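Written out below as structure tokens is the structure these notes cover.
The values are calculated or read from the model by the stated rules, or taken from the named source; none is laboratory data. Just so it is clear, the model here is predicted, and its values are computed rather than measured. Reconstructed Cβ throughout: ideal geometry from the backbone, glycine too, with neighbour counts over all protein chains shown. Areas reflect the complete protein model, heavy atoms only, side chains present, ligands, DNA and RNA absent. Shrake-Rupley method; radii C 1.70, N 1.55, O 1.52, S 1.80 Å.
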Amino acid sequence: MTHWFHRNPLKATAPVSFNFYGVATTPGATKICNDLRLSRTRLLELFTDLSCNPEMMKNATDLYFSLLQGFIISLDDSSQECKLRYIQNFKWTDTLQGQVPSSQQDAVFELVSMGFNVALWYTKYASRLAGKEDITEDEAKDVHRSLKIAAGIFKHLKESHIPKLITPVEKGRDLEARLIDSYIIQCQAEAQEVTIARAIELKHNPGLIAALAYETANFYQKADQTLSSLDPTYVGKWRKYLNLKTCFYMAYAYCYHGQTLLTSDKCGEAIRSLQESEKFFAKAEALCKEYGETKGPGTTAKPSGHLFFRKLGSLIKNTLEKCQRENGFIYFQKVPAEAPQLELKANYGLVEPVPFEFPALNAHWTPETLAAFDLTKRPKDDTAKPKPDEDVKPLKEPDIKPQKDSGCQIS
């Protein structure tokens, strides 16, 4: 398969000790605090551990989120919020705006920020797996499922939890609707890339492949349009990727649509469709170079060096030459001046996010445990707040490298 996907950096966060001396008045309450600290630290370690797989990630996230829920939801199922929701300050950076942290004394802020990182981890896991040269069928299914899981997490955060934040989301930062929407659409588009690769491998009907490619190009275009009103300093590189993939899959759509036209004895129209495919591929080539030269957050790569890109160039060239030969020997049809209108609708293979829910409350949370947190004993200087000069160190990611010039060409 050998796909290539752009990835933005993970969010970084300040350490949280969950040390509520005096407030946690029983061993059971203290144990929950210790478990929260340890499970949070473990989850952050897994984000950059190349040996981590979806099962390990799910176990770690289920444990931490089930414990954290005790700071958010009411134990008696009432609409009243938990008394512990605002006991701890959390500090997180932004994936696009670098190491400029935001902090909120709100457990919901922690829930959505950590959830955002979990979704990003699934996209990065999928990207590493999809980049392998000898990917198995099971691994391809893992890529497909991981991207759908990520989309489902982003969607759940946007619809069910981000609206509960007391402090409004800052414009242009991770939790804002435009960015979340772009991540959701990009996950869907990338999952459809896996579907297209599978359809090509199994030699499915060219009409189906053309329709899937067209739908995928539209997804990428929609994701780009969603980011269009944001500061190009932060989203410029990401948008180059989305533009590049839009052109790439439009080239795919016209290439396979040309094959469909040829089988219907419409050789002149097939040639024109392949010529349009060439144009979009040339645009993708130019955008590939621009992507490499654009500074900004995210992965540094030479997309044209990937097999998936190179194979399309050869396919367009060979298919166009075949159509021209057939037209010269058999059909003698005029090539239209206008490219055919693509009004393609895929009936199969379209991707929807996998529904996501946070885990149920951890069994250690009981009315007695909650009652053991005595907020009247909080220190007056509130040591739960981070020190003003506390640094938030970036996560050392194996797939995010320092920016280099990676000007490239599709060949």
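Numbers for the structure displayed
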quantity: Members of the stretch 91-131 found to be touching an Asp or Glu at 6+ places or on another chain (Cβ under 7 Å) and open to solvent by 40 Å² or more (accessible area, probe 1.4 Å), listed by number; calculated: Val100, Arg128
quantity: Criterion (charged (D, E, K, R) and modelled with pLDDT of 95 or more) met by exactly one of Lys222, Lys203, Lys237; calculated: Lys222
quantity: Residues (closer than 30 Å to Thr93 by Cβ, in a loop (DSSP other than H, G, I, E, B) and open to solvent by 50 Å² or more (accessible area, probe 1.4 Å)) located in the stretch 195-239; calculated: Ser228, Ser229, Asp231
quantity: Count of residues meeting criterion [without any contact (Cβ under 8 Å) to a residue 24 or more places away in the chain and within 24 Å of Tyr122 (Cα to Cα)] in the stretch 25-40; calculated: 2
quantity: Exclusive hit being within 22 Å of Ser160 (Cα to Cα), in contact with a helix residue (DSSP H, G or I) (Cβ under 9 Å, 6 or more places away or on another chain) and in a loop (DSSP other than H, G, I, E, B), set Leu84, Leu67; calculated: Leu84
quantity: Selected residue (only one of Thr41, Thr95, Thr61, Thr13 is in contact with a strand residue (DSSP E or B) (Cβ under 6 Å, 6 or more places away or on another chain) and under 24 Å from Leu175 (Cα atoms)); calculated: Thr13
quantity: Residues that are open to solvent by less than 10 Å² (accessible area, probe 1.4 Å) and either in contact with a strand residue (DSSP E or B) (Cβ under 6 Å, 6 or more places away or on another chain) or under 15 Å from Ala189 (Cα atoms) (or both), drawn from the stretch 136-159; calculated: Val143, Ser146, Leu147, Ala150, Ala151, Gly152, Phe154
quantity: Pick from the stretch 106-124, criterion part of a helix (DSSP H, G or I) and out of contact with any helix residue (DSSP H, G or I) (no Cβ under 8 Å at 6 or more places or on another chain), ranking: farthest from Ile162 (Cα to Cα); calculated: Lys124
quantity: Given (1) over 24 Å from Pro9 (Cα atoms); (2) without any contact (Cβ under 8 Å) to a residue 60 or more places away in the chain, number of the condition Leu212 does not satisfy; calculated: (2)
quantity: Filter result (in a loop (DSSP other than H, G, I, E, B) and either within 15 Å of Phe5 (Cβ to Cβ) or modelled with pLDDT of 90 or more (or both)) within the stretch 125-154; calculated: Gly131, Lys132, Ile135
quantity: Extreme residue, nearest to Ala151 (Cα to Cα), among residues of the stretch 163-182 that are open to solvent by 10 Å² or more (accessible area, probe 1.4 Å) and in contact with a Ser or Thr (Cβ under 8 Å, 6 or more places away or on another chain); calculated: Asp181
quantity: Near pairs, Cβ below 8 angstrom, 6+ apart or cross-chain, from the stretch 373-384 (at pLDDT 80 or above) to any residue that is surrounded by 11 or more Cβ atoms within 10 Å (Cβ to Cβ) and in a helix (DSSP H, G or I); calculated: Phe373/Ala29
quantity: Unique match (being aliphatic (A, V, I, L, M), modelled with pLDDT under 85, surrounded by fewer than 23 Cβ atoms within 10 Å (Cβ to Cβ) and over 27 Å from the mean Cα position of the chain (by Cα)) among Leu320, Leu312; calculated: Leu320
quantity: Matching option when the condition is among the aliphatic types (A, V, I, L, M) and within 21 Å of Arg7 (Cα to Cα), among Leu67, Leu38, Leu96, Leu75; calculated: Leu96
quantity: The stretch 47-64, residues that are of a type in the set (Val, Ile, Thr) and either in a helix (DSSP H, G or I) or buried (at least 20 other Cβ atoms within 10 Å of the Cβ) (or both); calculated: Thr61
quantity: Output for the stretch 1-28, where each listed residue is outside any loop (DSSP other than H, G, I, E, B) and surrounded by fewer than 20 Cβ atoms within 10 Å (Cβ to Cβ); calculated: Pro27, Gly28
quantity: Hey, Ala282 within 24 Å of the chain's Cα centre (by Cα) and over 30 Å from Lys396 (Cβ atoms) or not; calculated: no
quantity: Meets criteria (at pLDDT below 95, hydrophobic (A, V, I, L, M, F, W, C) and farther than 18 Å from Asp35 by Cβ) for Leu120; calculated: no
quantity: Residue in the stretch 251-286 that is surrounded by the most Cβ atoms within 10 Å (Cβ to Cβ), counting only those that are over 14 Å from Leu342 (Cβ atoms), of a type in the set (A, V, I, L, M) and touching a Ser or Thr at 6+ places or on another chain (Cβ under 9 Å); calculated: Ala284
